[in-house]
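Read the structure below first, then the notes.
The values are calculated or read from the model by the stated rules, or taken from the named source; none is laboratory data. Computed from a predicted model, the values in this text were never measured in an experiment. Quick reminder, even Gly has a Cβ in these numbers, built from the backbone with ideal geometry, and neighbours come from all protein chains shown. All accessible areas refer to the heavy atoms of the entire protein, side chains included, with ligands and DNA or RNA removed. Shrake-Rupley method; radii C 1.70, N 1.55, O 1.52, S 1.80 Å.
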Amino acid sequence: MLSAYIPPDIRTSRADMHGNQVRYWLLVGHIAFGAVATVTGLLQLWAGLRNRFPRLHRWTGRMYFHAGIFPSMILAVPVSAMSESGVSNVAALDAMLILWAITGVAGLRAAKSRRFSDHRKWMIRNYAVTLAILASRPWGIVMALIVMAQADSPAYQGNTVAMTHDIASSGAWTALIVNLVVAEAYIQRKYGGKTRNPALTGHAQE
């Protein structure tokens, strides 16, 4: 997926930039920081690294937050606003952005408060959102098959723009929902799902 943006060249962008260099570089920055989040997030969930090299775990965690999700999240705002994939797709991207922020802040606060059990749960949820944009690609293939089978139906009447928008938005929404459901099922199975909220309980320690 990164190959279209390495090295950066507006002509190889998967999204048509119409020559808009500002929009292109915002997208490149969002993708670059997102790639950092994808790699360092995987390291964060690696129990062997956490147990054997806790200092390295903490440093990769800092990279995940401060050189990954947070800058990528900030750049995602104008990228989403400039999207040409329709309202439903933009809504899916904005939902990912909001959930990325909520789970990321909750995970960071839990770590700083040394509530490590809660921190792990929030990190699982946050990384599920991080991977949603990647998961939307294979889901997009599934949705493309479904939509293309209805190309001449009253729903689309051969309108390729409407079909493209539906494929993108349904793939994004499905990826987000499935990822979060799988993550929450894993949390419930492994940890019992109990997450303390210090804002509600008034306690910062477990």
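Pull out all pairs, ordered by first then second residue, where Cβ-Cβ is under 7 Å, the residues are six or more apart or on different chains, the first lies in region 161-179 and is over 11 Å from Ser85 (Cβ atoms), and the second is open to solvent by 40 Å² or more (accessible area, probe 1.4 Å) and assigned to a helix (DSSP H, G or I).
Thr174/Trp139; Ala175/Trp139
Could you check region 70-87 and list, in sequence order, the residues that are under 12 Å from Ala32 (Cα atoms) and polar (S, T, N, Q)?
Across region 70-87, the qualifying residue is only Ser72.
Suppose the filter is at negative phi, assigned to a helix (DSSP H, G or I) and at pLDDT 95 or above; does Thr60 pass it?
no
Out of everything in region 1-17 that is in a helix (DSSP H, G or I) and small (Gly, Ala, Ser), what residue ends up being least open to solvent (accessible area, probe 1.4 Å)?
Ala4
Give me a count of the residues in region 120-145 that are within 17 Å of Asn89 (Cα to Cα) and assigned to a helix (DSSP H, G or I).
Total satisfying the criteria: 15.
Quick one: is Gln150 more than 23 Å from Ala92 (Cα to Cα) and at pLDDT below 95?
For Gln150, the condition - more than 23 Å from Ala92 (Cα to Cα) and at pLDDT below 95 - is not met.
Within region 166-186, does at least one residue satisfy the condition of being exposed (fewer than 12 other Cβ atoms within 10 Å of the Cβ), within 26 Å of Trp122 (Cβ to Cβ) and at pLDDT 90 or above?
Yes, region 166-186 contains a residue that is exposed (fewer than 12 other Cβ atoms within 10 Å of the Cβ), within 26 Å of Trp122 (Cβ to Cβ) and at pLDDT 90 or above.
Give the number of residues within region 61-82 that are open to solvent by 20 Å² or more (accessible area, probe 1.4 Å) and in contact (Cβ under 8 Å) with a residue 40 or more places away in the chain.
5
Of all residues in region 187-206 being modelled with pLDDT of 90 or more and either open to solvent by 90 Å² or more (accessible area, probe 1.4 Å) or of a type in the set (Lys, Arg) (or both), which is farthest from the chain's Cα centre (by Cα)?
Arg189
Could you tell me which of the residues Ile102, Ile31 is modelled with pLDDT of 95 or more, assigned to a helix (DSSP H, G or I) and under 19 Å from the mean Cα position of the chain (by Cα)?
On inspection, the qualifying residue turns out to be Ile102.
Since Ala110 meets every condition but one in (1) in contact with an Asp or Glu (Cβ under 8 Å, 6 or more places away or on another chain); (2) within 30 Å of Pro7 (Cβ to Cβ), which condition does it not meet?
(2)
Can you confirm whether region 147-166 contains a residue that is of a type in the set (D, E, K, R) and in a helix (DSSP H, G or I)?
yes
Of all residues in region 88-130 being among the β-branched types (Val, Ile, Thr) and open to solvent by less than 20 Å² (accessible area, probe 1.4 Å), which is farthest from Ala35 (Cα to Cα)?
Thr103
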